[in-house]
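Since every read-out is calculated from the coordinates, none of them should be taken as a lab result. What you see is a predicted model, and the numbers here were worked out from it, not measured in a lab. Heads up, the Cβs are rebuilt from the backbone with ideal geometry, glycines too, and the neighbour counts pull from every protein chain shown.
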Amino acid sequence: MISEAIARQLRRPSGLLGRLVGRGMAWHNEFAARWTLDLLDVRQDSHVLEIGFGPGVATEFAWKRALRGHVSGIDYSEAMVEAGRRRNAAALPAGLVDLAHGDVRALPYAADSFDRAFAIHSIYFWSDPVACLREVRRVMRTDGLLAITIQPRRQWPRRPPADVFTLYEGSEVADLLRSAGFRDCRVEAYPEAHRLPCDCILASK
Ligand SMILES: C[S@@+](CC[C@H](N)C(=O)[O-])C[C@H]1O[C@@H](n2cnc3c(N)ncnc32)[C@H](O)[C@@H]1O
C-alpha cells in the first residue's frame with residue numbers, strides 16, 4: 001500500500017522527499033513515456049504539450065523527436081519544474097522546450113496551439129477531469145491527437161489512498177474524453193507484461 005505521505009508526493013512533489021519521489025518516477029515511468037510517445041506519433045515538426053511532466057523524462061524523449069517543432073510542459077509542482085528544467089537544460093536555450101509552473105485547469109496557452117498533447121500518470125489527481133480535458137482540448141488544434149496514460153484500476157493490487165488518487169479504467173477515461181468533446185477515443189493496453197501495466201487512451205479533437 002502506498003502511504004498517504006508518498007501518495008501526496010506523487011500528486012504534487014515538494015521538498016526533499018518530493019525530489020526523491022521524482023527520481024523514482026523517472027526510473028519507473030520511462031517505459032510508459034516511450035510507449036506513449038510512439039502511440040502519439042510525435043513527428044519532427046510536432047507542437048507538443050505535456051501536462052504533469054514530473055521529472056521531465058517524457059519531455060526529453062518528446063523534444064528529441066520534435067527537433068523542428070516545439071514542446072511545452074506544465075506542472076503544478078515547483079520541485080518538478082526545477083527537476084524538469086535540469087533534465088532538459090540542453091534544449092531550453094535553443095527554444096526547443098519551455099517548462100512552466102501551472103495547473104491543467106487554466107492553461108497559459110492560446111487556443112489551437114498544439115497538434116499533440118499527453119499526460120502520463122497525472123489524471124488521477126485532476127479535480128473535475130472533464131473541465132480539465134475541455135481546457136486541454138481548447139489549446140489543441142483541430143485533428144490534434146491526445147494521449148492519456150494511466151495504470152488502470154484493475155492493475156493496482158493495492159489501492160492507493162482514495163482521498164488522493166482517483167483510479168480509472170481505460171474505458172472510463174474514454175468516457176471522460178467524449179464528455180469533454182473529443183472524438184475517435186480508443187484504449188491501447190501495454191503490448192507486453194510489465195511490472196506497471198498501463199492503458200493509453202487516445203483521442204482526437
Ligand atoms: C505521478 S507524477 C507523474 C510524472 C510524470 N508524468 C511521470 O510519468 O513520471 C504526477 C505529476 O502530475 C503533476 N500534476 C498533478 N496534478 C496536476 C495539475 N492539476 N496540473 C498540473 N500538473 C499536475 C504533479 O505535480 C506530478 O508532477
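A compact table of results
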item: 5 angstrom amide H check on Tyr168, placed H, neighbours 5+ away; result: Arg153
item: Debye, to nearest 20: dipole size of the range 4-204, +1 on Lys, Arg Cβ, -1 on Asp, Glu Cβ; result: 340
item: FRET E, pair Asp175, Ser3, Förster distance 30 Å, beta-carbon r, rounded to 0.05; result: 0.45
item: Which of Ala111, Pro197, Val48, positive extreme of dipole for the chain (C-beta unit charges); result: Pro197
item: Within the range 56-75: backbone nitrogen closer than 18 Å to the Leu92 label point (7 Å, Cα to C-beta); result: 56-64, 70-75
item: Mean Cβ neighbour count within 10 Å, used as a protection proxy, ranking 49-58, 98-107, 167-176 highest first; result: 49-58, 167-176, 98-107
item: Residue-by-residue Karplus 3J(HN,Hα) for the range 159-171, coefficients 6.51, -1.76, 1.60, Hz, glycine and proline x; result: 6, x, x, 6, 7, 10, 9, 9, 8, 10, 8, x, 5
item: Rounded FRET efficiency, nearest 0.05, which uses the C-beta distance separating Arg159 from Ala111 and R0 of 41 Å; result: 0.65
item: Label-point separation, Asp143 to Val130 (7 Å along Cα→Cβ), nm; result: 2.9
item: Cα centroid of the range 1-74 to Cα centroid of the range 158-200, whole Å; result: 17
item: Note, ³J(HN,Hα) from phi for the range 78-83, Karplus 6.51, -1.76, 1.60, rounded to Hz, x at Gly and Pro; result: 5, 4, 6, 4, 4, 5
item: Burial order of peptide ranges 21-33, 84-96 (average beta-carbon count within 10 Å, highest first); result: 21-33, 84-96
